[in-house]
Amino acid sequence: MRISPFSLVLFFILLTAFSLLPLRGQAQEIGDWRPETSFTRTTDVVQDRDGAFWVATDGGLYRWLPGGGGSLETLTSLDGMYRLSATAIAYDEARHQLWLGFNDGTLQSLDLQRFQFRTLSDITRNQSFSNKRINQLQVIGDELFVAAQFGIVVFDTRNGLVRDSYVNLGRFSRGTAVNAFQVEGDMIYAATASGIAAGNLNEALAVPQNWDNSDGQGNIGTLTQEVSAIATYADQLFAGTGSGNFARALDGGEWSETNAFTGNVERFRSNASGALLAVAESALTVLEADGLRSTHTVARETHLTGFFDDEVTPSLLLAGTRESGLAVKTDLSGDFDFIRPSGPDLNFFIRFRMDGDEMIAASTSAPGQRGVPLNNAGYYIFRNGEWVSFNRRTNAQLDSFNFNSVYRAAITENYYVFGSFGRGIAVHNKQTDEIRLFNATNSPLPGLTATDPFTVVGGIDRDADGNIWIAMARGDGDRLIRLDPETEEWLTFPVPDNAGADRYLDIYIDRGGQKWLPLQTGTGGGGGVFVNRVEADGTQTGIRLTTAQNQGNLPNDLVQAVVQDRRGEIWVGTGRGVARFLFPDRIIDGTAQDRQASFLINADPDADSPFLLRDVNATSIAVDAANQKWIGTQGDGLYLVDEQGRNILRHFTTANSPLFSNTIVDVAVDERSGTVFIATDEGLLTFVDTPRTAGRQMDDLFVYPNPFRYNQHSGNMIIEGLTDATLISVITVDGRLINRINARSGRAEWNVRDFNGNEVSSGVYMIIANDVNGNERGVGKAVIIR
């Protein structure tokens, strides 16, 4: 195929003009993944032979070198970690490697010279016990001792093979959980769910009779409750339990309660000089080798781990905390400083909201809904490429209002608005960061009852006029409420009779002003979705859509996601499948056929089901610049389907991608950059995809990587700077058309092949783009090297 003589002349004019322009530098790679995890909750910490501390957190691992300029090097599952959250960590000085233990029994070693991970799955593969969580690790000589939920396993650190397993600890039940252990000379003392077990390492400890127990029938006294921590110090054996701390002489005697520590000890740490650190929820107690005792607290914090080094000057005390990262004290009479890599305060993200270059997110409803103690369960604002956290720990106003459990969000022209489970709403001024808080005590928002101000927001969204609409999940009174955030004018609307008595689980306002209100039954099941129209005089007209064929034809009554695409269609994600409403403006006033949802039809006639994604539990849906749909699921990862919902373009899972988990809580797309924000139940990460917002006009196209070398680049060539619908022609310098590409957004990909799928010859190629209306033209140049 050849172009016309006129086009050829134009081509050479463009070539001459473009050849004067320099090639632009390569932009961020398409297909890149990036973690956005929280390093706040510190689960364990060790020090290596170089003096660097390795800190295990819920968001991965990081290295901190005191006096090293403050740089924090992080590692996550994108770097080879099995999972983000290690439950235990140990250091092997002889081999300069770390050992990491995880919740399912998996072990990993990290070679600190080569920075290579090795994964051991021996415990994970064991089918004899359902709970295989690793609670403590310690390297002793060439052996790694592993305390697990079913006993103790000993590995050879040189070859990674299991040397022994102790699952019958004397008279305790087989598979008793071991929370911690202490080795003193030839003896090992295990803190278990049933008390203490003791054995001599010179004997065959796989034999139950070679263990003694604290059940009153042996030689180590009577202590029959669960023991969480155990240690030896000054010829005494200490045990920490949920009801107090106990001690007995190593050479015999009964257990007695001790006041040597502040709080119920959950963990002991001994150091090389013989000092003992006791970690309790509210305090750290240090017993030094010379008998000195000191107590250290971090205000309003829960301690999870600790480390004490008195062989340096000044002494170094570390406290791993639940909500503030790593607390560090170099002067034992001074205050703690706090260290952690930058990132969000939690790994929980839900309800992304994007408006242009603004992005916000809520965290979790766990404190209000399930009673989980999280002071930092607030909200995030994405500023300058980082998540800024607003919660009870970072903001005095939110703290005074006890505002947490934030799980809904909306954006207006001047405000960010957040809804919570039990604490009402927050209206956050974009310019000043001033926050106004409302609940049942100071607004028309209803509490659970007339006397209980617990204010449960089901969902919030904005209308075209900038008003905030609040759907209350529960409440004694009207449960659909409108707020003008500028004037603080409130209007309330009763629940229509045909909506039923179910709770409003959420709210989504379409471009026609209709309110889509997913419903939840009193038992927590799905109740379909109520589509509501509120007239100017306050009159409400609506209809309830369910799985009934003539009343919505939903795939499932549990509606978890509602979104309107670029063509105006409403897409609905349910507990069993995805469907779309082609003409949402006809839902209320139209016929039964008008309000019948269309299932996604599979383009593959040989597929097992004629319907695409029929059996997925769809938790979230986002629309990108090409009108493609990103669909998050419960347990099946993340799907990308085409505009019509007929083809799966991508399917990311933990098996084929760096996803932290196959459970997707929420998903959002930054149309300007093509970045996809993916919130899993274990943390947040981003993926850079091809589609991005189209420009209003085309001029010089941005083409990269450029030059493209077949022996270096395995992906596609990216073309940026397009308008919404573009036909791209790839032309040789002698005027031959070698390929064409149809683009639906501001960015396109070329596989660097001709029409027949063959690699092209080395040389210069022109990239000429025309919009479908013939109004705009863009031109770029690509250099190919074979």
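The values are calculated or read from the model by the stated rules, or taken from the named source; none is laboratory data. Not measured: the values here are computed from a predicted model. Counting neighbours? That spans all protein chains shown, and the Cβs are built from the backbone with ideal geometry, glycine included.
Considering the stretch 158-215, the residues that are in contact with a helix residue (DSSP H, G or I) (Cβ under 8 Å, 6 or more places away or on another chain) and of a type in the set (Gly, Ala, Ser) include one that is surrounded by the most Cβ atoms within 10 Å (Cβ to Cβ), namely Gly170. Could you grab me the full set of residues in the stretch 641-660 that are touching a strand residue (DSSP E or B) at 6+ places or on another chain (Cβ under 6 Å), buried (at least 20 other Cβ atoms within 10 Å of the Cβ) and not aromatic (Phe, Trp, Tyr)? Residues satisfying the conditions are Val641, Leu659.
For the stretch 111-141, filtering for residues that are in contact (Cβ under 8 Å) with a residue 40 or more places away in the chain and of a type outside the set (Phe, Trp, Tyr) leaves 14. The combined condition, being touching a residue at least 24 places away in the same chain (Cβ under 8 Å), over 19 Å from Ala409 (Cβ atoms) and in a loop (DSSP other than H, G, I, E, B), is fulfilled by Gly475.
Test of understanding: among Phe382, Phe401, Phe390, which residue is among the aromatic types (Phe, Trp, Tyr) and crowded, with 24+ Cβ neighbours inside 10 Å?
Numbers: Phe382 fails: crowded, with 24+ Cβ neighbours inside 10 Å; Phe401 fails: crowded, with 24+ Cβ neighbours inside 10 Å.
From the options Phe382, Phe401, Phe390, the qualifying one is Phe390.
The selection criterion, being out of contact with any His (no Cβ under 9 Å at 6 or more places or on another chain), touching a residue at least 12 places away in the same chain (Cβ under 8 Å), on the phi < 0 side of the Ramachandran plot and surrounded by fewer than 16 Cβ atoms within 10 Å (Cβ to Cβ), holds for Thr222. Of the residues making up the stretch 266-279, one or more are touching an Asp or Glu at 6+ places or on another chain (Cβ under 7 Å), under 26 Å from Gly151 (Cβ atoms) and not aliphatic (A, V, I, L, M).
Each row is one residue, and each column tells you yes or no for (1) in contact (Cβ under 8 Å) with a residue 24 or more places away in the chain; (2) in contact with a strand residue (DSSP E or B) (Cβ under 8 Å, 6 or more places away or on another chain); (3) more than 23 Å from Asp510 (Cβ to Cβ); (4) exposed (fewer than 15 other Cβ atoms within 10 Å of the Cβ).
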| site | (1), (2), (3), (4) |
| --- | --- |
| Phe583 | no, no, no, yes |
| Gly590 | no, no, no, yes |
| Ala607 | no, no, yes, yes |
| Pro610 | no, yes, yes, yes |
| Ala618 | yes, yes, no, no |
| Ala625 | yes, yes, no, no |
| Thr633 | yes, yes, yes, no |
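Can you tell which of Arg511, Arg533 is surrounded by fewer than 21 Cβ atoms within 10 Å (Cβ to Cβ), touching a residue at least 40 places away in the same chain (Cβ under 8 Å), in contact with a strand residue (DSSP E or B) (Cβ under 9 Å, 6 or more places away or on another chain) and in a loop (DSSP other than H, G, I, E, B)? Just one listed residue meets the conditions, Arg511.
Strands (runs of 3 or more DSSP E) fully within the stretch 711-786 that include at least 2 residues being crowded, with 18+ Cβ neighbours inside 10 Å, touching a Ser or Thr at 6+ places or on another chain (Cβ under 7 Å) and not small (Gly, Ala, Ser): 763-771.
When we screen Phe268, Phe308, Phe352, Phe338 for residues that are surrounded by fewer than 20 Cβ atoms within 10 Å (Cβ to Cβ) and aromatic (Phe, Trp, Tyr), the only hit is Phe338. Candidates in the stretch 289-309 are the residues that are out of contact with any strand residue (DSSP E or B) (no Cβ under 8 Å at 6 or more places or on another chain) and not aliphatic (A, V, I, L, M); of these, the one that is farthest from Ile230 (Cα to Cα) is Arg300. If I go through the stretch 357-376 residue by residue, how many of them are modelled with pLDDT under 95, buried (at least 19 other Cβ atoms within 10 Å of the Cβ) and closer than 16 Å to Thr40 by Cα? Selection size over the stretch 357-376: 3. The residues listed here are Glu434, Glu489; of these, the one that is within 31 Å of the chain's Cα centre (by Cα), modelled with pLDDT of 95 or more and loosely packed, with under 15 Cβ neighbours inside 10 Å is Glu434. Restricting the search to strands (runs of 3 or more DSSP E) fully inside the stretch 377-453 and requiring at least 2 residues that are under 20 Å from Thr40 (Cα atoms) and out of contact with any helix residue (DSSP H, G or I) (no Cβ under 8 Å at 6 or more places or on another chain) gives 379-383, 386-390, 406-411. Can you name every residue in the stretch 228-260 that is in contact with a strand residue (DSSP E or B) (Cβ under 7 Å, 6 or more places away or on another chain), in a loop (DSSP other than H, G, I, E, B) and of a type in the set (Asp, Glu)? Of everything in the stretch 228-260, just one residue is in contact with a strand residue (DSSP E or B) (Cβ under 7 Å, 6 or more places away or on another chain), in a loop (DSSP other than H, G, I, E, B) and of a type in the set (Asp, Glu), namely Asp235.
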